[in-house]
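Shown next, in structure tokens, is the structure this report addresses.
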Protein chains: 2
Amino acid sequence: MALAAALTAAMEPPADNSFDLSEASLRRLHNAKWNQYGPDVLPAFVAEMDFAVAEPIQRAVQSLVERSDYGYPRRDGGKAGLAVAKAFAHRMKDRFDWDVDPALIVPVADLVQGTYAPVLAFTEPGDGIILQVPNYPPFREVIRTTERNLISLPMMDSGSGYLCNTEQIVDQIDGRTRMFVLCNPHNPTGRVFSRNELLDIGRFCIEHELIVLSDEIHSDLVYPGRRHIPFASLSPELAARTVTLNSPTKSFNIPGLRCAVLHFGSPELRERFGKRIPQRLLGDPNAIGVDAAVAAWTESQPWLDAVMGHLTATRDHVLRRIETELPEIQFRVPEGTYLAWLDCSGLMLNTSAFDFFHERARVAFSPGENFEPNCSAFVRFNFATSRVIADEIVDRMVAAVKTLRVC
Amino acid sequence: MALAAALTAAMEPPADNSFDLSEASLRRLHNAKWNQYGPDVLPAFVAEMDFAVAEPIQRAVQSLVERSDYGYPRRDGGKAGLAVAKAFAHRMKDRFDWDVDPALIVPVADLVQGTYAPVLAFTEPGDGIILQVPNYPPFREVIRTTERNLISLPMMDSGSGYLCNTEQIVDQIDGRTRMFVLCNPHNPTGRVFSRNELLDIGRFCIEHELIVLSDEIHSDLVYPGRRHIPFASLSPELAARTVTLNSPTKSFNIPGLRCAVLHFGSPELRERFGKRIPQRLLGDPNAIGVDAAVAAWTESQPWLDAVMGHLTATRDHVLRRIETELPEIQFRVPEGTYLAWLDCSGLMLNTSAFDFFHERARVAFSPGENFEPNCSAFVRFNFATSRVIADEIVDRMVAAVKTLRVC
């Protein structure tokens, strides 16, 4: 999508951005984002947002803490994990008209655990796993550390956007290829796949009898003009081979509270999983994560709507500045996620783009090479921050690149 | 141990029992203990305490919540799990003079996860696992659901206390016997094993080349006159085959926050484990559980000392009343834990003891048959509650037994 067409009209930040946190208050947090680098570095790496959480979430947590209610949790007359499953099912119906049976959900702590478990359940060492590249680094880590065989499916830049064409890898598929790890909305490129693109992937997976692990953790972070489609909602035939991974921690900004779900598209798939990975091997969910997740999925949409307004405006503002002031940097406008995948090869750097901006701009992006070894000329820019900080990051990038031009 | 000798002088509750919660405030909690049964039932089952948590824990949680600091946690310049490992290592040295290397610790969510993981790592389906019976029900569940072979080691009542004599099972050991699940302090009997008893078990495990999974979650809940000895501290030779399972959630009453540790007694054992069970399959610890665990292990001992004073007095008071007013019920005085294992066979009931007290006394104990199928004449009594509630429970037991005598 060309920039002019993709960017909505330049907007001021919406009136309701009371969730913005100042740099001073962000530096008081005990999170990785604001503590991993020095105090003069602006962090734009790990995918969390510099925003205060939704009031319903904070209220739910505070209510539990005021009672110091830290016993074995019971919710709605059942196990706490079931409350999360029900909230997820309700939300999927409400947002995506997707019918989800809470009995087919296994709660997990986080996305990484939720990736290891299906990989270990449905594949053996030496089996092939297809992965879009570039990709969320732990996906590659899971495949490597469990001694599976990575089959890279490149996200190709068509000139107007990243596409994922399975024909590229047909000759790499054999009888031991078992799984397709789909990331949609895609991290780091920001693509939100269309129904036709997903159906193409679906036909490919049926033809080659692949299990689909569909990471949809960014499904709530989709910009105007695009719509998320849960892969398992495409057809019962596809659902029967699909494990969907989702969590409120990304869109509602509560990753430290650890609450995510694995959804199995059929009872048979759930049962196959359970035979290899007992549910209790994965640990029971913690009470605070459960209450926060339920509050997020059932009561916090107004907050998310306001955040999406802010993110839309920030995306457009930041990318317009980069287009104008840093024309050496190429990008495609993300259709989802708060991540921009910046191709800095036009800067002709003699270090990685990450190192350059870290050293010269005191900005810490995510290094491109973490998402694909050949991508050290790329960085991933997390722009989920205030307009002030986003502008400061771009200012610093511009200043750093200026020193380069002088050299 | 005979009652007269075992019980300390009858005591009033110590002055500092400000952690006692009233029934009214307990019924406002959203936990399993106070919600699983009807509002007219007094719960004395699931092992959590009816006490407010230690102030340092509450302060740590509140501090995080006030900042709404729910991002990916970083603590002391490293991953949050390492902060838990260091706090555990420091505590083990301080309390038990046991040297623990934090690098040999894997954080887990809870005891059940911490049991599944080593069982799956160190044994195969069909392998034999020795388990003391009666036992914590999930141990039996793990062995059954993973299709291992249960070898029962009966805790024999010697007349003065429960003993665990490995000679009873020598003829059941074969080349496929791989693991000894040791629970010390023992749930449900309350035994705290002496050094000599542990060394006997150790010799047995060396002789038969067994991995020891040592559940020491009750290690802080030991009464005057007994001392907990970590199994892995007995010798380097035993450490090298021992996985220790511990958590602050039991003694500091925060099970819903989910934070526990697996300690491997040698780098080789840790490595063997990691080859079968990748650490990230177990999920990263949640930020609140981490901060609560660190506050528990490093700052909350004064609270625990006060709680132990209260529990000692409650144990002695309650058991003296049972001895006097319910002479049909037999028991051994627990040396650790806040659990009493009551043999109600003298009541000659025609239902399970659990059903009798649930129906006639409106008291919910843990059913004995959950700990050992043949033990339906037993109940496990969790007496970690206020003197008022403990007395009401005994009053109701006495009244229910009286109706029996009339019949």
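Every number here is computed from the coordinates shown, using simple stated rules; none is lab data. Note that the coordinates shown come from a computational prediction; the quantities given were computed from them, not determined experimentally. Methodologically, a virtual Cβ is constructed for each residue, glycine included, from the backbone with ideal geometry; neighbour enumeration extends over all protein chains shown.
Where the alpha-carbon atoms of chain B are placed on the principal axes, they occupy 63, 59, 36 Å, in descending order. In terms of surrounding Cβ atoms within a 10 Å radius of their Cβ, A:Ile130, B:Ile322 rank from fewest to most as B:Ile322, A:Ile130.
Against the globular-protein guess of 2.2 N^0.38 Å, express the Cα radius of gyration of the protein assembly as shown as a ratio, rounded to two decimals.
On the way: Rg = 28.6 Å, N = 814, 2.2 N^0.38 = 28.1 Å.
That works out to 1.02 for the protein assembly as shown.
Peptide A:58-67 shows a mean partner chain C-beta count of 4 within 10 Å per residue C-beta. Whole Å is fine, so just give me how far the alpha carbon centre of region B:100-153 lies from that of region A:179-236. Their Cα centres are 38 Å away from one another. Distant-in-sequence amide contacts of B:Met155, defined by a placed amide H-H separation under 5 Å and a gap of 5 or more residues or a different chain, comprise B:Val133. Say a paramagnetic label sat at a point 7 Å from the Cα of A:Leu404, along Cα to Cβ; which residues of region A:337-351 have their backbone N under 14 Å from it? Residues A:342-351 qualify, since their backbone N sits under 14 Å from the label point.
Against the empirical curve 2.2 N^0.38 Å, the C-alpha radius of gyration of region B:70-299 lands at a ratio of 0.97.
Restricting to bridges with both residues inside region A:205-306, how much of the DSSP beta-bridge set is antiparallel, in percent to the nearest 5?
Numbers: 4 of 8 bridges.
Percentage antiparallel, nearest 5: 50.
Of the two radii for region B:41-192, the radius of gyration is 1.04 times the Kirkwood radius, both from the alpha carbons; that is the Rg over Rh value.
Remark: label point of B:Leu163 defined 7 Å out from Cα along the Cα-Cβ vector; separations to the same position in other copies 8.0 nm, ascending.
Using only DSSP helix segments of four residues or longer, with each worth -39500 (n - 2.57), what per-residue ellipticity at 222 nm results for chain B after dividing by its residue count and rounding to 500?
Details: 14 runs with 151 residues, N = 407.
-11000 deg cm²/dmol, from helical runs alone.
Using the number of other C-beta atoms within 10 angstrom as an exposure proxy, rank B:Met397, A:Met156, B:Met179 with the fewest first. Don't jump to the answer; show the numbers that get you there.
On the way: B:Met397 27, A:Met156 12, B:Met179 24.
Ordered from fewest to most neighbouring Cβ atoms within 10 Å, B:Met397, A:Met156, B:Met179 come out as A:Met156, B:Met179, B:Met397.
Of the listed pairs B:Lys33/B:Lys250; A:Lys93/B:Lys33; A:Lys79/B:Lys33; B:Lys250/B:Lys275; A:Lys250/B:Lys275; A:Lys275/B:Lys33, which have alpha-carbon separations greater than 24 Å here? Provide the component values of the computation, followed by the final result.
Numbers: B:Lys33/B:Lys250 14 Å; A:Lys93/B:Lys33 33 Å; A:Lys79/B:Lys33 12 Å; B:Lys250/B:Lys275 30 Å; A:Lys250/B:Lys275 30 Å; A:Lys275/B:Lys33 30 Å.
Beyond 24 Å between Cα atoms: A:Lys93/B:Lys33; B:Lys250/B:Lys275; A:Lys250/B:Lys275; A:Lys275/B:Lys33.
Counting Cβ atoms of other protein chains within 10 Å of each Cβ in A:100-112 and taking the mean gives 2. Between copies, the label points at B:Leu404 (set 7 angstrom from Cα along Cα-to-Cβ) are spaced 8.2 nm, reported in nanometres from shortest to longest.
Taking the number of Cβ atoms within 10 Å of each Cβ as an exposure proxy, the fewest-first ranking of A:Leu120, A:Leu339, A:Leu163 is A:Leu163, A:Leu120, A:Leu339.
Which order, highest average first, do A:68-76, B:385-393, B:185-193 follow once you tally other Cβ atoms within 10 Å for each residue and take the mean per peptide?
Values: A:68-76: 21.7, B:385-393: 19.6, B:185-193: 26.2.
The most tightly packed comes first, giving B:185-193, A:68-76, B:385-393.
Highest-first packing order for the peptide set B:218-226, A:285-293 is A:285-293, B:218-226, based on the mean count of other beta carbon atoms within 10 Å.
What average count of beta carbons from other chains do you get within 10 Å of the Cβ of residues in A:31-38? The partial results should precede the final answer.
Numbers: counts 9, 7, 3, 3, 6, 3, 0, 0.
The per-residue average across the peptide is 4.
Note on A:Val388 and B:Asp174: their simple-model spin labels are 7.3 nm apart, each label 7 Å out from Cα toward Cβ.
With the label put 7 angstrom out from Cα along the Cα-to-Cβ vector, A:Gly38 ends up 6.9 nm from the copy partners, going from closest to farthest.
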